[in-house]
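Here's the structure, in C-alpha cells; my notes come after.
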Amino acid sequence: MKGLSVRWSLATAEDGVEEQLSTYVAESSHARFTGMAGLQFKTWRMVPGEWFEGSYVFSSDEVRAEFQATFTAGAAESPVSQLVGSGPVLIEPCDIVAIAEGWDGFNAAPRA
C-alpha cells in the first residue's frame, strides 16, 4: 500500500481557521474523496494552532504518483491553502506497512 501525507502549518493562520477547515472537510472534501478510484482511504488530521494534514492510502504506486503530481501542481491554490493562507509545508510519499481495524469498527463520517 502506498501512502501520502500533505501537511499545512497553522502557526500563522488566522483565528478560527480550524473551524473553517472542519467545515470544508464536512461539506466538500469528504464527499470528493469518498468512492475515489484507486484510493483505499483518506483521513484528515489536525493539531489546532500547529498543523492540518491529509493522509492518504492508495492501492498502487502509480495511482499515488499520479495524484501527487496533480496535487503538487496546484497545491498553492488548493482550498486548504486558501483557507490557511499558504501552501503545504510537506508533501511526503510513504509505504503503509499495515492497517488494522479495531473492534469498534470504522466510522467514515465527515464529523464525529
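The numbers here are math on the coordinates, done by the rules we state, and not lab data. Quick caveat: nothing in here was measured; it's all calculated off a predicted structure. When we count neighbours, we look across all protein chains shown, and the Cβ atoms used for this are built from the backbone with ideal geometry, even at glycine.
Only one entry of V47, V57, V6, V63 meets the criterion of being surrounded by fewer than 13 Cβ atoms within 10 Å (Cβ to Cβ), among the hydrophobic types (A, V, I, L, M, F, W, C) and either touching a Leu at 6+ places or on another chain (Cβ under 9 Å) or without any contact (Cβ under 8 Å) to a residue 60 or more places away in the chain (or both), and that entry is V47.
Please work out which residue is nearest to W8 (Cα to Cα), limiting yourself to the range 50-68 and to residues that are among the hydrophobic types (A, V, I, L, M, F, W, C) and out of contact with any helix residue (DSSP H, G or I) (no Cβ under 8 Å at 6 or more places or on another chain). The selected residue is W51.
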